[in-house]
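One structure below.
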Amino acid sequence: MPSNTNPCHEKNPPGVARTGNLLNAMFNYSPEQRVVMNLKTIGLFHLLILAALVAFSGCTATTGPTPAAAVMTPEPLTPVKTTTPITPLPVGEIARIKVDHFGMDPTTATVYEFVGKVQINNGMYQSVQVILLYPDSQEYSFDVGGMGGSNQTIKEFSLFPADRYKGTNPEKIISLDGKRYATAYKYENGLIAWVATSDNPLNK
């Protein structure tokens, strides 16, 4: 008598094995073991992804010590030396004494001094002297050396008379290569000067 069983409703048609049953049969897995292996596989996969993220997250980080910031040191500036222009003496003057100080040294008040500058107008001289001549014929002189030509036309001098001459007014004389000239007092622009002219020599 024919069977009423429908082949299409069979769980396992003849000659065909289900995939799950086939894997179970091949690896001898039970259903419970397959669930456990799937969880382990998923967990391992998550660990691999996390490790990859950690590894690649450090790719943009700076490795090694941080380089020190460069310090820019400016080049030292060399000051430009400028020469103070010297105003020529007026026509008729051959030399002039410019007084900086005549009296007790303002720093210590213990030295009687006569300091200033001597300037010549024209010519070249081997010896230029500033001389103080007191009424008792006592002289104090300072030789600044050669002036004019390749030498300077203005130089500093300093004289130190004895204390006994404090309060006296000596003659101020300029000597040019041994030829002496008397000077005349002149005050201009707040400065004291003693001026020598060519028409006022002392030794003709």
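For segment 155-196, a residue qualifies if it is assigned to a strand (DSSP E or B) and among the aromatic types (Phe, Trp, Tyr), and the qualifying residues are PHE157, TYR181, TYR185, TYR187, TRP194.
A count restricted to segment 145-194 and to residues that are among the aliphatic types (A, V, I, L, M) and touching a Leu at 6+ places or on another chain (Cβ under 8 Å) stands at 3. Within segment 151-184, restricting attention to residues that are surrounded by 12 or more Cβ atoms within 10 Å (Cβ to Cβ) and among the acidic types (Asp, Glu), the residue that is farthest from ILE120 (Cα to Cα) is GLU171. Within segment 147-160, residues that are in the same structural domain as GLN126 (by TED's automatic domain parsing) reach partners that are small (Gly, Ala, Ser) and at pLDDT below 90 with beta carbons closer than 9 Å, at six or more positions or on different chains, in the pairs MET147/GLY123; GLY148/GLY123; GLY149/GLY123. One residue stands out among those in segment 92-110 that are outside any strand (DSSP E or B) and touching a strand residue (DSSP E or B) at 6+ places or on another chain (Cβ under 7 Å): the one that is nearest to ILE173 (Cα to Cα), which is GLY92. Just so you know, in segment 193-204 the residues that are closer than 16 Å to ILE154 by Cα and among the aliphatic types (A, V, I, L, M) include one that is surrounded by the most Cβ atoms within 10 Å (Cβ to Cβ), and it is ALA196.
Please verify whether segment 147-154 includes one or more residues that are touching a strand residue (DSSP E or B) at 6+ places or on another chain (Cβ under 8 Å) and assigned to a strand (DSSP E or B). Looking through segment 147-154, at least one residue is touching a strand residue (DSSP E or B) at 6+ places or on another chain (Cβ under 8 Å) and assigned to a strand (DSSP E or B).
The values are calculated or read from the model by the stated rules, or taken from the named source; none is laboratory data. Predicted, not measured: the structure shown is a model, and the values here were computed from it. Please note: Cβ atoms are built from the backbone with ideal geometry, for glycine as well, and neighbour counts cover all protein chains shown.
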